[in-house]
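These notes are about the structure you will find just below.
The values are calculated or read from the model by the stated rules, or taken from the named source; none is laboratory data. Values in this document were obtained by computation on a predicted structure and should not be read as measured data. Positions of Cβ are generated from backbone atoms using ideal geometry, with glycine treated the same way; all protein chains shown enter the neighbour counts.
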């Protein structure tokens, strides 16, 4: 950065043009750097970090650079490393890894072999957790509904959840109400929360700074050789 300040004093015209181009290129490169850096600490795919349905990225120019703002929802385990990814016909244990530290059971009760696992693979390969015993739910008509109320519980990653009670859409043929288990997807972290990790944040800052300095030096030398050309 000292070289950039020196260039701005000695050759302000060429340095200003090089600064603008380097800033534009760094802004375009930032999303890839962020995705790759998050991938070094977490098992999420870089494509998911850049997915517009998962995260919203906003860039804002300031007097001394560019602010890159990430907003996003809390993600389920479907975006991270897990096994199995489809429901097998045999008995299975759902394992997952949010960080690059290896797979471990999603259900903490698996530490006790006498207790059955509450985790299972649901629709769209999303891991779900059973949060209570089957209950007789009231019939709310043909289309049914959902209740966002239920007992709180923590998964093996220490993240707190609240169960969602699924309400039956119809009655059985004999008129008896359907039994439904309180279940909910296993939620993890959002992309902004991952960016709050010190290792991730420091790595992104260092890599963006190095990239910007490299592009500035390249463009500054080009404009100096061309005599401040367009």
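Structural remarks
- Candidates 154, 173, 230: the one that is over 24 Å from residue 106 (Cα atoms), outside the structural domain of residue 20 (by TED's automatic domain parsing), modelled with pLDDT under 70 and touching a helix residue (DSSP H, G or I) at 6+ places or on another chain (Cβ under 9 Å) is 230.
- Failed condition for residue 103, given (1) modelled with pLDDT of 80 or more; (2) more than 25 Å from residue 200 (Cβ to Cβ): (2)
- Here residue 45 fulfils each of the conditions (1) surrounded by 13 or more Cβ atoms within 10 Å (Cβ to Cβ); (2) in contact (Cβ under 8 Å) with a residue 60 or more places away in the chain; (3) within 30 Å of residue 127 (Cα to Cα) apart from (2).
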